[in-house]
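What follows draws every value from the coordinates through simple rules; no lab data is involved. Fair warning: this is a prediction, and the values are worked out from it, not measured in the lab. Quick reminder, even Gly has a Cβ in these numbers, built from the backbone with ideal geometry, and neighbours come from all protein chains shown.
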Amino acid sequence: MRVLTLLVRHGTDKFPGAIDEVAALFARQLPEVDWDLIVIDNKLPEDYEQALGVRQVLIGGSNAMREFSAWQSGLAYAGRRLSDYDFVNLTTEAFGTLYTAYLDRFSTNMLRLISRRGAAVGHIDYYNAPVRLFGRQSRAWLRTSFVFLPPAELKMLGSLISIAEPAGIFSGNPETPFLPDAPISENYQGYLLGWLTGDGTGQGVEWHSRFTLSGDTLPHFQNKVVAILNEHLFSIRLRAQGCAMVDATWLATRAGKLGSNGQPLGPIPSWRKQLTERDTDAVPPNVLFNCPV
Amino acid sequence: MIECRDSVNAEKGPDGETSVEACFHGYDVFIDLSAGDLDEQEITRYLEALAGDAGLSGSITVLVRDDRKPPDGITNIRTIPAATEEALTALHRAIRGATRHGRHLVVVLGPLLPANEALRRLTEDFGRDPFFGMVQPRFADASNDHILPLPGDVNDFEHRPMLTRAGLSLLPDYVITPEMVSACVVIRREVVREMEWSNSGLSSIAGELRLLLCQARRRGYRNLVINRVTISTQLPDAFIYPSPPPADLDRLNTMYPEIPRAAAWCANLAQRKLEPILARACADDATQRRRVLLDCRGMINRHNGTSHCMLGLLDGFHAIDGPWQVDVLASRPAMEFFQLRERYGKFGLQDRPGDTYTAAVLLNQPWALSTIAELHSHALLVGFNMLDTISWDILYVCDERLDAVWRFIARHSDVLFYDSQFTRDRFANRFPLQGHVAERVAYLSLSKQEQADRKVLGEAAGDHILLFGNEYDHKDIRRTLRLLVDAFPYCRIVAVGIDDNEGQNVTMPSGTIEHSVLHQLIASARVIVFPSFYEGFGMPVVQGLAYGRTVVARQSPLWKEIAAQVQTPGQLVEFDSAVTLVEAVGRALAGRPLEPLPQGAALDAGQSPLRWQDCAQRMIDSLEKLLPSADGKRWLEREEALRAIDLLHS
């Protein structure tokens with residue numbers, strides 16, 4: 001199995017050990033994988049290129065849309081070689097923050113189960129209620145700080161940047177940062193404000209870098225919102241093309257049950273079913289299956 | 001990319017919430033479960049999933065069988081129990097509803113779960129053209145994500161491989177088709193509002209839908225199949241592209257006689273023909289991805305240069321231990337004569353192509369467009385092995401169609417192989433190549449071990465002059481024979497390639513010469529004369545050199561190239577006139593020194609001349625190099641060109 005990791009970083013100040021941690025994860029959990037690494041540093045000029053070692057290279061990337069434009073730089077760098085890989089592993093330097101238990105579940109056996117399937121594997125996050133953004137309704141998305149997907153899915157997706165120009169979203173006023181007719185539902189606006197500047201999204205988790213919204217922090221707020229929207233739309237667009245979100249913990253659970261005897265995974269259930277079937281940190285069914293039938 | 005402009009003119013929906021669908025006109029959904037066998041529990045589960053996972057908006061109507069009790073109270077979903085005869089009424093009610101709301105209408109036949117993001121992506125494609133009136137996704141087998149084939153005859157190939165997602169990713173974003181009834185069709189609002197119930201006596205939803213879509217097409221609206229939207233399902237194929245019952249179909253065909261033509265159009269889509277080929281090239285099983293078809297139908301059931309060239313190359317492919325699986329196409333007489341089945345246990349042998357391949361290579365020049373079309377219809381990449389361009393140049397052995405055939409491959413093939421740089425230059429000077437056509441001089445074996453027959457190797461030189469050729473003028477055998485008879489009246493001359501005697505000292509092996517007899521003649525010749533004006537490779541020359549003989553050949557850049565590629569005990573001497581020919585032969589007969597062409601100049605230190613395996617490997621290497629860029633675009637271009645040509649004959 002061949003995997004290409006595209007690791008995005010912004011200098012080395014904040015997460016100096018990111019490369020070593022990703023390498024250690026692959027060595028520890030995916031030792032059979034034929035692994036290549038492209039590190040994209042958004043602080044470096046876009047034409048920068050430096051070999052880091054055997055099959056590891058550091059390049060400069062575009063920071064225009066943060067990790068999404070950086071991954072785009074990485075994909076352009078890989079070019080046609082991309083189709084040689086079984087999986088592309090999109091990751092950011094912050095992959096080891098927030099909930100990380102799912103990272104320990106990645107294994108070759110588990111990835112083999114979804115090799116060449118229409119599936120992207122990572123950690124599925126969800127809101128307590130569906131939100132609407134740009135005419136789409138969605139409640140769950142893949143955390144893009146560490147996700148595996150086949151090159152074919154990236155090829156079909158086209159640009160990883162869903163929102164390149166955030167016109168029509170922001171008011172410019174920190175008191176009411178969203179335009180009244182912004183293409184984001186009110187509850188989503190609330191989730192975004194809660195996550196970036198408040199006490200979370202009602203799930204008992206707070207972001208480690210939350211800040212107070214003011215005139216000074218408004219540009220930062222807007223950048224973060226666009227990044228979150230891009231992350232959510234990444235999953236939405238994948239789903240539209242038929243690429244299922246696969247929760248890493250659920251897949252590891254299934255891999256454990258199926259064993260390594262080559263039994264296929266079969267149909268991939270909905271994200272809701274996956275989250276309630278995890279062997280660890282399972283979501284109680286009543287949280288997700290609460291439709292009034 | 002998501003466009004923010006979608007939201008600029010967003011309107012307030014009835015609930016006061018911003019409705020982005022409003023500016024996109026939104027959609028209503030009509031789902032027909034009445035034809036299925038879902039029980040109440042399954043219907044309930046389906047509706048729960050529809051509400052919880054699909055995230056659909058607009059008015060959602062689900063039609064269930066009247067003997068199935070509809071579940072109560074799922075938000076936003078209206079279930080209607082209906083007898084079969086009432087199903088059409090329900091469909092037209094949904095049409096009127098979408099018309100009233102000014103929305104597109106999504107028609108779903110069966111328990112599919114089209115998610116809102118997929119429908120949104122589909123409706124965005126209406127923006128491409130005001131006459132794209134219907135749009136639909138691709139459907140995938142939920143158990144493995146393989147893409148279900150578009151409707152039409154599925155017996156094109158013996159084993160139709162299923163298109164994988166990797167293969168799907170190589171297809172164009174969408175394909176425009178005539179109307180196509182599938183398990184999920186989105187109908188544009190402008191089309192919906194013109195739909196009327198004609199009470200035409202149709203009994204099925206599929207039939208009524210076909211009628212309505214046919215009428216839409218007659219107004220100018222085409223259907224789009226979006227290769228970038230897939231809906232997974234476990235429904236059988238017949239449910240995905242449902243056909244109306246025979247009575248409805250008859251009625252439809254009577255009303256609109258062009259309906260079968262529209263169906264044939266769909267079945268004949270270039271993309272539909274490409275899909276099984278891409279399925280092979282992008283198979284999930286890596287061992288299935290590299291399959292090559294070697295077309296050896298130019299091999300006949302007797303020994304000749306072309307047959308031995310092909311046998312040598314097949315030996316080479318057989319010796320390669322690599323990922324490529326080889327199938328060989330040959331006539332049954334040739335298979336039996338050369339015992340191909342016994343000789344090549346690793347290969348699949350066929351007398352006509354029946355499968356799909358990543359590549360097909362014709363091991364000799366193509367003589368007819370039909371051969372190219374046939375290989376093209378079975379393989380993503382097609383290549384041809386040009387052995388020479390003599391037929392085109394001398395003209396009298398071919399007709400003018402050959403010119404078009406070779407111009408076609410210069411433009412539309414993926415790779416051209418040559419048996420020498422000399423042949424390559426002749427071809428390129430006559431048939432300018434498109435930039436994307438890969439080229440490789442693969443040669444034939446230049447190894448003395450392979451070109452000499454071990455049974456006669458080491459045989460002492462006899463006393464005869466061996467003259468090689470045939471009756472073609474460019475071989476120049478008769479003039480040369482007369483010259484040699486006059487110049488060397490007391491020397492035995494063996495002339496291979498003509499039948500009637502030219503002198504008392506001339507021997508002519510009659511009829512077909514056995515391979516071993518021919519090699520005996522070569523191995524035991526005092527000197528070999530090869531007077532041909534024009535060759536592509538000149539295998540007898542290499543064979544003579546392999547036996548350590550002096551070969552006198554007419555001056556040509558080819559011989560310098562061949563000499564530079566070999567390391568043999570023989571010597572290759574050129575002549576350019578009757579005088580220099582007689583002089584060279586005389587010196588050879590007398591054992592006097594000659595000025596042979598230097599050998600091995602093109603070989604690096606320690607490098608051996610090419611063996612058949614090396615020649616075959618060069619072909620494989622070229623195919624490997626093409627794989628990363630083999631995305632089907634060139635195939636589609638070639639398909640269009642072939643179709644246009646086909647029109648001239650139909």
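Okay, here's what the table says:
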quantity	calculated
Peptide A:157-169, shielding by other chains (average Cβ, 10 Å cutoff)	3
Global geometry of the range B:203-270, whether rounded, prolate or oblate, following the gyration tensor of its Cα atoms and the 1.5 cut on a/c	oblate
Nearest-ten-degree value, helix B:270-281 long axis tilted from longest Cα axis of chain B	70 degrees
CD proxy at 222 nm, helix term only [per DSSP H run n ≥ 4: -39500 (n - 2.57); per residue of chain B; nearest 500]	-11000 deg cm²/dmol
Relative pair counts by distance (%), Cα atoms of chain B, 20 Å bins	16, 37, 23, 16, 8, 1
Gained length - B:Glu400 relative to B:Ala319, 0.36 nm times residue gap less alpha-carbon distance	25.3 nm
Residues with amide H under 5 Å from that of B:Arg554, placed H, sequence gap 5 or more	B:Phe530, B:Ser532, B:Phe575
Charged-residue dipole, Cβ positions (Lys, Arg, Asp, Glu), the protein assembly as shown about Cα centre, Debye nearest 20	400 debye
Most positive-pole-ward Cα, B:Ala601, B:Gln617, B:Leu642, against dipole of the range B:542-650 from beta carbon charges	B:Ala601
For the range A:27-101: rounded, prolate or oblate by the Cα gyration tensor [a/c cutoff 1.5]	oblate
Part-to-part distance (alpha-carbon centres) for the range A:221-293 and the range B:615-646, which is given in Å	39 Å
Sequence of B:Met310, B:Met508 once ranked by neighbouring C-beta atoms within 10 Å, starting from the fewest	B:Met508, B:Met310
Degrees, to the nearest 10: B:205-218 long Cα axis against longest axis of chain B	70 degrees
Dipole axis of chain A (+1 Lys, Arg; -1 Asp, Glu on Cβ), positive-most option in A:Leu142, A:Trp207, A:Leu265	A:Leu265
Built amide H within the under 5 Å cut-off of B:Leu163, gap 5+	B:Ile147
Using θ = phi - 60° and Karplus 6.51 cos²θ - 1.76 cosθ + 1.60, couplings along the range B:174-191 (whole Hz; Gly, Pro as x)	8, 10, 8, 9, x, 4, 8, 7, 9, 5, 8, 10, 9, 9, 4, 4, 5, 7
Excluding exposed DSSP-loop chymotrypsin sites (Phe, Trp or Tyr not before Pro) (at most 11 other C-beta within 10 Å), longest clean stretch of chain B	B:1-395
Extent along principal axes [Cα atoms of the range B:250-362; Å; largest to smallest]	62, 34, 20
Taking B:Thr177, A:Thr97 and counting other C-beta atoms within 10 Å, the order from fewest to most	A:Thr97, B:Thr177
Centroid-to-centroid separation of the range B:378-455 and the range B:549-603 [C-alpha atoms, Å]	26 Å
Viscosity 0.890 mPa s, temperature 25 °C, Stokes-Einstein D of the range A:1-152 from Kirkwood C-alpha radius, µm²/s	153 µm²/s
Pairwise centroid distance, computed over Cα atoms, of the range A:98-160 with the range B:99-168, Å	23 Å
Point-charge dipole on Cβ atoms (K/R +1, D/E -1) for the range B:143-271, about Cα centre, debye to 20	420 debye
Tensor-based shape of the protein assembly as shown (alpha-carbon gyration tensor, a/c under 1.5 rounded, otherwise prolate or oblate)	prolate
Hz values of 3J(HN,Hα) by residue in the range B:238-247 - Karplus curve (6.51, -1.76, 1.60), Gly and Pro given as x	4, 7, 6, 10, x, 9, x, x, x, 5
Alpha-carbon gyration tensor eigenvalues x 5, square-rooted, for the range B:592-650, Å	43, 20, 9
Most mobile of A:Asp279, A:Asp41, A:Asp13 in a GNM of chain A (Cα contacts under 10 Å)	A:Asp13
Net dipole in debye of the range B:276-406 [+1 Lys, Arg Cβ; -1 Asp, Glu Cβ; about Cα centre; nearest 20]	340 debye
Angle between chain B longest axis and helix B:84-101 axis [Cα atoms, degrees, rounded to 10]	80 degrees
Simple spin-label estimate for B:Ile513 and B:Asp173 in nanometres, 7 Å along Cα-Cβ	6.4 nm
Positive-pole candidate from B:Leu105, B:Leu294, B:Val573, dipole of chain B, charges at beta carbon	B:Val573
Cut-off under 5 Å, modelled amide H: who pairs with B:Ala140 long-range	B:Leu148, B:Ile231, B:Ser232, B:Thr233
DSSP bridge pairs, the protein assembly as shown: antiparallel proportion in percent, nearest 5	25 percent
Nitroxide proxy distance, nm - points 7 Å out along Cα→Cβ at B:Gln607 and B:Glu336	4.5 nm
